Amino acid sequence: METSASRTQVPVAGERWRELTLQANAQHAARDFRGALRLYNAALDEAEAVLGRELRRPDSQRIIGPLLLTISDHNLAQVARVQGKPTLASRHLVEAFERLIGLGLAREVPLCIRASAARSLRPALEELLGDLGISRQEPRASALICRARAVLRVVEDAEQMCTH
């Protein structure tokens, strides 16, 4: 399974996450889903740790916690799908989307992290819509899209306030 982080160089802050994810990808490819789940869950824990460090020290050069969380949840969803557990897969995707929404809207969260969460919303939304099997024109999709756009507007407004 390919991750967007595996296509680009991940900073040292995410190196452990990257190692765990690559190992999990290998287990997944070998159809060892129990091993893949264990490693993907460990990667999710590491993504939480990265985000926690970023929240404590938001001055890092590149904020990656929200992206790592999203990829980890998407990887867990993929394994659940393969195992015939669509409800669990959907739950992982909803959790990723909701986490990004929460981070993006939380005024107490440093703006750089809120912006990182907002950037991760589009791929999280696309994955969620695909999983739910709904088109963008359906009311449920429209509601999700409106929520994501609202977060983008809030973050953009906050960024503009900082530059003026």
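Based on what the data block shows, is Arg140 under 21 Å from Leu68 (Cα atoms) and either β-branched (Val, Ile, Thr) or at pLDDT below 95 (or both)? Walk me through it before giving the result.
Numbers: under 21 Å from Leu68 (Cα atoms): no; either β-branched (Val, Ile, Thr) or at pLDDT below 95 (or both): yes.
For Arg140, the condition - under 21 Å from Leu68 (Cα atoms) and either β-branched (Val, Ile, Thr) or at pLDDT below 95 (or both) - is not met.
Residue check: is Arg56 farther than 21 Å from Phe33 by Cβ and more than 13 Å from the chain's Cα centre (by Cα)? Show your work before the answer.
Working: farther than 21 Å from Phe33 by Cβ: yes; more than 13 Å from the chain's Cα centre (by Cα): yes.
The answer is yes for Arg56.
Does the range 94-110 contain any residue that is over 16 Å from the mean Cα position of the chain (by Cα) and surrounded by 15 or more Cβ atoms within 10 Å (Cβ to Cβ)?
Step one: filter the range 94-110 for residues over 16 Å from the mean Cα position of the chain (by Cα), giving 106-110.
Adding the requirement that they be surrounded by 15 or more Cβ atoms within 10 Å (Cβ to Cβ) leaves 109-110.
Among the residues of the range 94-110, at least one is over 16 Å from the mean Cα position of the chain (by Cα) and surrounded by 15 or more Cβ atoms within 10 Å (Cβ to Cβ), which makes the answer yes.
Assess whether Arg38 counts as being basic (Lys, Arg), at pLDDT 95 or above, within 13 Å of Ser72 (Cα to Cα) and in contact with a Ser or Thr (Cβ under 8 Å, 6 or more places away or on another chain). Show your work before the answer.
Working: basic (Lys, Arg): yes; at pLDDT 95 or above: yes; within 13 Å of Ser72 (Cα to Cα): yes; in contact with a Ser or Thr (Cβ under 8 Å, 6 or more places away or on another chain): no.
It is false that Arg38 is basic (Lys, Arg), at pLDDT 95 or above, within 13 Å of Ser72 (Cα to Cα) and in contact with a Ser or Thr (Cβ under 8 Å, 6 or more places away or on another chain).
Conditions first: (1) among the polar types (S, T, N, Q); (2) farther than 21 Å from Cys162 by Cα; (3) under 11 Å from the mean Cα position of the chain (by Cα). Ser142 passes all but one, so which condition is the exception?
Among (1) among the polar types (S, T, N, Q); (2) farther than 21 Å from Cys162 by Cα; (3) under 11 Å from the mean Cα position of the chain (by Cα), Ser142 violates only (3).
Considering (1) modelled with pLDDT of 95 or more; (2) over 16 Å from the mean Cα position of the chain (by Cα), say which one Gln9 fails and leave the rest.
If we test Gln9 against (1) modelled with pLDDT of 95 or more; (2) over 16 Å from the mean Cα position of the chain (by Cα), just (1) comes out false.
Residues in the range 111-142 that are more than 22 Å from Ile63 (Cβ to Cβ), surrounded by fewer than 13 Cβ atoms within 10 Å (Cβ to Cβ) and not polar (S, T, N, Q): how many?
The qualifying residues number 5.
Here is a list: Asp32, Asp45. Which entry is within 19 Å of Leu103 (Cα to Cα), acidic (Asp, Glu) and surrounded by fewer than 16 Cβ atoms within 10 Å (Cβ to Cβ)?
Values: Asp32 fails: within 19 Å of Leu103 (Cα to Cα).
That would be Asp45, the only listed residue that is within 19 Å of Leu103 (Cα to Cα), acidic (Asp, Glu) and surrounded by fewer than 16 Cβ atoms within 10 Å (Cβ to Cβ).
Check Ile63 against each of (1) in contact with an Asp or Glu (Cβ under 9 Å, 6 or more places away or on another chain); (2) more than 18 Å from Ser116 (Cβ to Cβ); (3) not acidic (Asp, Glu) and name the one condition it does not meet.
(2) is the only condition that Ile63 fails.
The values are calculated or read from the model by the stated rules, or taken from the named source; none is laboratory data. Only a predicted model underlies this, so the values are computations on that prediction, with no experimental measurement involved. Every residue, glycine among them, receives a Cβ derived from its backbone with ideal geometry; neighbour counts consider all protein chains shown.
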